[in-house]
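The values are calculated or read from the model by the stated rules, or taken from the named source; none is laboratory data. Small disclaimer: the values here were computed from a predicted structure and weren't measured. Methodologically, a virtual Cβ is constructed for each residue, glycine included, from the backbone with ideal geometry; neighbour enumeration extends over all protein chains shown.
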Amino acid sequence: MKRIWMTTFLSLTLCAGACGGQARANDNPPQEKTANPKVYLTRTITPEALVRIYEALGREATGRVAVKLSTGEPGGHHFLQPALVAPLVRKVGGTIVECNTAYGGGRARTADHLKAAADHGFTAIAAVDIMDAEGETALPVEGGRHLAEDYVGKNFLNYDFTVVLSHFKG
C-alpha cells in the first residue's frame, strides 16, 4: 500500500529593528502568476503578539504539530528565547523539531543537540524531537526543476502540520 504524505506549513519570521528590504527576483520566475501572499506585521515582539499573529492567519494547526525553530549553538544567544515562543508552542500543542547540523559544531550529534536544547530552556516548554536522529527519508518533488527528491529527517513523517518560527539573520 502506497503511503500518501502531506503536511501543512505555517511560517512566521520574527525580527527586531530594521528588517525591511527588497526581495530579489528569481532568475527563472514561474510561468504561472501566483496570488500575492498576505504579510502580517507587529511592532511589538512579545509572546502575546506572536500568538495574535498566529491567530490572525486564521489557519488552525491540527494533528501532530511540529514547531521548527533553531535551538541555538551551545553557549550562543542567537535563537528565539523559549519565553517568547512558549505560549504559541503550547497553544498549538507542538513538539519542537530540528535536525542535526551538517556543518559540525555543537549540534551535529543528537546527544549534544538535545543537551543544547535543554541548556537553552527548550525542553522545559515542550518535547524536542531531533528528526534525523534515526535517519532520513526522501520525499518526491513533483515537477521540480532541479530536484526529483528532497531529503528530510525521518521523523518529519510523524507530523501533520509544521509551524516554522524563523528568526532574522543578517
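Consider the range 69-121 and keep the residues that are among the polar types (S, T, N, Q) and out of contact with any strand residue (DSSP E or B) (no Cβ under 9 Å at 6 or more places or on another chain). The one that is nearest to Val163 (Cα to Cα) is Gln81. Give the residue, chosen from Val164, Val97, Val128, that is under 15 Å from the mean Cα position of the chain (by Cα), within 26 Å of Thr44 (Cβ to Cβ) and among the aliphatic types (A, V, I, L, M). Of Val164, Val97, Val128, the one residue that is under 15 Å from the mean Cα position of the chain (by Cα), within 26 Å of Thr44 (Cβ to Cβ) and among the aliphatic types (A, V, I, L, M) is Val164. Within the range 145-169, being aromatic (Phe, Trp, Tyr) and surrounded by fewer than 19 Cβ atoms within 10 Å (Cβ to Cβ) holds for Tyr151, Phe168.
On inspection, Phe122 does not qualify as under 29 Å from Tyr54 (Cβ atoms), surrounded by 14 or more Cβ atoms within 10 Å (Cβ to Cβ) and modelled with pLDDT under 95.
Checking each residue in the range 111-158 for being assigned to a helix (DSSP H, G or I) and either among the acidic types (Asp, Glu) or farther than 25 Å from His77 by Cβ (or both) picks out Asp112, Asp119, Lys154, Asn155, Phe156, Leu157, Asn158. Just the residues that are closer than 25 Å to Gly63 by Cβ and of a type in the set (A, V, I, L, M, F, W, C), please, taken from the range 136-170. Within the range 136-170, Ala138, Leu139, Val141, Val152, Phe156, Leu157, Phe161, Val163, Val164, Leu165 qualify. In this structure, is Thr95 under 20 Å from Asn158 (Cα atoms), surrounded by 15 or more Cβ atoms within 10 Å (Cβ to Cβ), polar (S, T, N, Q) and free of Cβ contacts under 8 Å to residues at least 60 places away in the same chain? The answer is no for Thr95. The set of residues from the range 90-110 being assigned to a loop (DSSP other than H, G, I, E, B) and out of contact with any helix residue (DSSP H, G or I) (no Cβ under 9 Å at 6 or more places or on another chain) comprises Gly93, Ala102, Tyr103, Gly104, Ala108, Arg109.
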